[in-house]
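To start, the structure itself, in structure tokens.
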Amino acid sequence: MTYTIQKIAEIINANSRIVTNEIIDQIIYDSRKITVPKTSLFFALHTNRKNGHDFINEVYERGVRNFVIDENFNTSTFTDCNFLIVKNTLDSLQQLVANHRKQFKLPTIGITGSNGKTIVKEWLNQLLQTNYNIVRSPRSYNSQIGVPISVWQINKDHNLGIFEAGISTINEMEKLERIIQPTIGILTNIGTAHDDGFINSTEKVIEKLKLFNNVDTLIFNSDNGIVTKLISENITANLLTWGKSDHAQLKIIKQNISTSSTTINAIFKNENIDVTIPFTDEASINNACTCWVTLLFLNISQQNIQHYFKQLHSVEMRMQLLPISNNCVLLNDSYSNDSSSFYIALNYLISNAANNKKTIIVSDFSESVKQNSDLYKKFIEQIGDKKVTKIICIGNTHFLFKEAYEKLNIECYFYNTTESFLTATTTHAFKNEYILLKGSRVFNFEKIAKWLQQKTHQTVMEINLTALIYNLKEYQKHLLPTTKTMAMVKAFSYGSGSVEIAKTLQYYKVDYLGVAYADEGIELRNAGISLPILVLNVDEENFDSLIEFNLEPEIYSFNIYHSFHTYLLTQGIQNFPVHIKFNTGMNRLGFEVDDALNIGNLLVKNKSMHVQSVLSHLVASDTENLDSYTLQQFKIFDDICNKLFNCLNYKFIKHIANSASIFRHPNSQYDMVRLGIGLYGVDTTKNLSLQTVSTLKTTIAQIRTVKKTETIGYNKQGILIRDSKIATVRLGYADGLNRSLSNQVGSMFLHGKLAPIVGNICMDMAMIDITDIDEAKENDVVEIFGKNISVEQVAKWSNTIAYETLSTISQRVRRIYFEE
């Protein structure tokens with residue numbers, strides 16, 4: 001369904017300046033996610049740290065000519081644009097989509113809860129796609145912004161909607177209810193997630209229940225007595241329940257769990273029925289029961305239900321970024337391919353690939369071609385606009401549009417099946433390119449993913465980019481809106497991989513990047529990173545590179561200053577951006593306090609350099625009993641900055657705060673903070689709720705039984721106290737496993753238990769005692785650090801710090817990046 005810009009102005013009660021009455025079918029709020037600029041309407045939204053009005057110029061440059069604004073923005077220079085002026089852009093976005101939703105009478109499932117929302121939504125889509133043409137939230141788009149973006153997708157061809165709604169505090173759910181307008185409600189598990197925004201759990205449940213104010217039927221697990229009581233007091237809808245208690249309408253009798261599946265037996269309307277699901281964990285069983293009772297409510301036959309449930313597959317909640325052979329990178333999103341999730345993946349490809357070649361391997365879309373032929377035409381248009389280098393289409397439907405593809409003047413290949421593609425080509429066909437793999441489940445694109453991936457040794461470091469950004473935002477909550485953020489990506493981003501981390505941080509618009517050496521900055525520039533980059537350690541050999549790659553050096557001594565000044569003179573360069581480092585107590589690098597006037601006068605006199613920032617380094621910002629020393633450093637830094645400003649007579653950025661200081665010394669923010677180890681999930685202050693970014697994993701190569709009388713490993717150091725079962729894992733000190741963890745100093749995590757390291761750690765292998773872990777088998781995954789064993793704990797065992805543990809993981813360990 002499309003709208004004219006004039007009609008939208010009427011719906012949201014906007015004061016408008018309309019030049020041409022354009023047709024609108026796309027809503028955007030993120031300058032990085034523009035797909036069809038001509039028919040897009042940009043809402044300039046406010047978030048905690050960003051103001052959408054600041055990006056109007058960028059959005060305009062990318063071709064958008066329709067805007068909704070709520071500030072006194074100067075529109076006079078945008079003579080060819082339509083502007084709708086409202087009191088609040090987010091309210092207007094929600095108002096527009098609520099009006100759009102009212103145009104359709106389709107049954108709509110609204111899902112909320114603490115856990116399981118996205119899984120239930122995706123499983124219902126899998127289970128019902130044969131019977132319905134479904135519109136649903138892409139990924140976990142369940143926020144005040146995500147819900148309207150999701151609901152805007154509804155068109156006349158859909159006959160079922162499935163949307164999830166998430167809240168973080170009171171007075172949010174009623175807005176989402178007006179947008180989704182659910183007719184069927186599902187309440188998933190209620191847990192402790194997002195408790196911080198509420199007085200207590202009762203307040204949270206009551207707020208979530210507001211999604212169901214106008215539903216006809218509410219589906220939930222009635223085993224939680226408190227939740228059931230609150231529902232009976234607040235909801236007037238028909239209640240359809242499942243659970244183990246006698247009053248549940250779908251009463252669960254028993255669960256038979258085998259190695260890889262679970263059969264659930266239940267009574268419904270006095271009949272014994274059962275389903276088998278290919279999962280054994282409790283969360284999956286609970287989510288399956290929620291889906292089961294929903295299908296029964298929708299009158300899906302039990303015979304079909306049994307068939308559908310056997311075909312259930314896990315929901316891949318993350319998009320992986322994997323280095324593969326021939327200098328290629330694989331973006332693996334191979335478990336679904338509806339149009340909405342495709343455009344999310346396409347934008348991810350564009351933002352990561354930068355100037356590299358871009359290849360798409362795509363299956364037919366899950367939507368019906370008869371009902372959505374325009375979908376393929378739009379898709380082809382997008383491929384052309386995004387300057388994709390090569391497209392490989394798999395499925396019969398793409399053939400129908402072969403002529404349109406070929407007009408793009410790019411490499412196009414067509415295959416009926418995944419098997420025919422794999423038979424016809426080799427991995428050597430892909431070189432120096434980013435490859436997006438996007439396929440509907442029935443096409444089994446996981447075969448392509450496995451085929452493309454390197455066959456290297458099985459030790460990997462998983463990097464959770466979603467957690468990285470969560471940590472960034474967690475720190476930014478403690479910053480003033482005007483405080484800039486420099487993200488430190490030195491030392492291979494603390495072991496996480498510089499390029500991929502930097503691309504993610506650039507996408508989320510940090511202000512500066514910090515590296516240790518020019519080589520690190522060059523690597524980032526070659527990968528398409530355009531952010532300002534501070535180089536902390538420079539020498540004369542790097543001066544050419546600084547200029548060529550637009551890297552900004554830290555000037556920390558008169559020797560470096562004079563050398564760089566002389567170089568700039570020979571190049572005829574003036575006002576090159578630099579950062580002046582002062583020593584306020586670290587006694588490592590930096591000008592002394594008494595040097596401030598001298599260096600200031602030289603800078604003014606010579607004019608070869610322009611001071612971008614003045615910085616210093618804190619000694620003990622995370623140590624409470626040294627706070628007086630830290631405060632003294634701030635005082636010294638203030639004095640230095642004042643002296644230098646008086647010399648230069650222009651403003652510069654001031655920064656001294658590191659990760660710990662952001663929280664513990666909020667007055668130390670100045671103009672910018674340097675976020676380092678905290679970004680990667682290590683909170684040295686123990687005051688923030690950070691997420692784990694890096695998980696180091698390996699696998700078991702061999703298991704053997706060893707008698708008590710024998711020993712393990714080199715120098716017979718592995719002494720046993722009993723007959724033991726020993727697993728050899730594919731990880732050693734050459735991979736960065738600290739040898740001090742040998743002989744039961746450290747442990748690894750396997751099947752919910754700690755397995756002590758026995759014997760001396762070898763170069764490429766280590767041995768662990770798994771005597772008490774009966775279910776362990778060869779090729780099982782073992783965690784060295786991650787969510788189950790923190791990197792801080794491993795560092796403590798090693799008698800070192802988390803910085804060292806992370807940064808010394810060998811680069812031969814393959815990094816796998818993903819977004820959840």
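The values are calculated or read from the model by the stated rules, or taken from the named source; none is laboratory data. Note that the coordinates shown come from a computational prediction; the quantities given were computed from them, not determined experimentally. Neighbour counts are summed over all protein chains in view; Cβ atoms, including those assigned to glycine, are modelled from backbone coordinates with ideal geometry. In case anyone asks, the SASA skips ligands and DNA or RNA and just uses the protein heavy atoms, side chains included. Shrake-Rupley method; radii C 1.70, N 1.55, O 1.52, S 1.80 Å.
Of note:
- Global form of the stretch 406-520, assessed from the alpha-carbon gyration tensor, a/c cut-off 1.5: prolate
- Cα→Cβ-extended label distance, 7 Å offset, between Asp216 and Ser325, nm: 5.6 nm
- The mean accessible area for residues of the stretch 253-379, using a 1.4 Å probe and ignoring ligands and nucleic acids, is 42 Å² per residue.
- Counting protein heavy atoms only, the chain has 47 percent of its accessible area on carbon and sulfur, 1.4 angstrom probe.
- Of Trp292, Trp451, the order by accessible heavy-atom surface (1.4 Å probe, DNA, RNA and ligands excluded), from most exposed downward, is Trp451, Trp292.
- Shown in residue order for the stretch 136-143 are the 3J(HN,Hα) couplings computed by the Karplus curve 6.51 cos²θ - 1.76 cosθ + 1.60 at θ = phi - 60°: 8, 5, x, 6, 10, 7, 10, 9 Hz (x for Gly and Pro).
- Separation of the Ser76 and Asn265 label points, Cα + 7 Å toward Cβ, nm: 8.1 nm
- Antiparallel bridge percentage (DSSP; both residues within the chain; nearest 5): 40 percent
- In summary, the lysines within cross-link reach of Lys229, defined as a Cα separation below 16 angstrom excluding same-chain residues under 8 places away, comprise Lys204, Lys208, Lys210.
- Centre-to-centre, using Cα atoms only, the stretch 694-744 and the stretch 371-427 are separated by 50 Å.
- Candidate lysines - alpha carbon under 17 Å from Lys251, same-chain residues fewer than 8 apart omitted: Lys269
- Sparse-neighbour loop sites [GluC sites (Glu not before Pro); the stretch 512-582; at most 10 other C-beta within 10 Å; DSSP]: none
- HN-Hα J in Hz across the stretch 537-546 - Karplus 6.51, -1.76, 1.60, θ = phi - 60°, x for Gly and Pro: 10, 10, 9, 4, 5, 9, 4, 4, 5, 4
- Helix-derived mean residue ellipticity, 222 nm - over the chain, DSSP H n ≥ 4, -39500 (n - 2.57), to 500: -9000 deg cm²/dmol
- Between Glu282 and Lys796, the modelled labels are 2.6 nm apart [label points 7 Å from Cα along Cα→Cβ].
- FRET efficiency estimate (nearest 0.05) - Cβ-Cβ, Tyr507 to Arg812, R0 35 angstrom: 0.80
- The stretch 637-667: trypsin sites (Lys or Arg not before Pro) in DSSP loop, at most 10 other beta carbons within 10 Å: Lys651
- Per-residue extension of 0.36 nm, minus the Cα-Cα distance of Gln6 and Lys686, leaves a gain of 239.5 nm for this segment.
- Summing Lys and Arg as +1 and Asp and Glu as -1 over all other residues whose Cβ lies under 13 Å from the Cβ of Thr808 gives a net charge of 0.
- 11 Å beta-carbon shell around Val794, net charge (K/R +1, D/E -1): -2
- A simple packing score, the average count of other Cβ atoms within 10 Å per residue, orders the peptides 266-272, 170-176 as 170-176, 266-272, with the highest score first.
- Prolate/oblate/rounded call for the chain, Cα gyration tensor, a/c under 1.5 rounded: oblate
- Cβ crowding within 10 Å averaged over residues, with 381-391, 423-433, 722-732, 621-631 ranked highest first: 722-732, 381-391, 621-631, 423-433
- Around His655: net Lys/Arg minus Asp/Glu count, Cβ-Cβ under 15 Å: 0
- The stretch 767-781 and the stretch 523-561: distance between their alpha carbon centers, rounded to Å: 48 Å
- Per residue accessible area of the stretch 99-227, 1.4 Å probe, in Å²: 36 Å²
- Gyration tensor verdict on the stretch 82-235 (Cα atoms; rounded if a/c is under 1.5, prolate if a/b is larger than b/c, oblate otherwise): oblate
- One chain, two ends: Thr389 and Tyr714. Fully extended at 0.36 nm per residue, the span grows by 111.7 nm beyond their Cα-Cα distance.
- 27 Å Cα-Cα threshold exceeded, pairs from Lys477/Lys607; Lys38/Lys484; Lys38/Lys357: Lys477/Lys607; Lys38/Lys484
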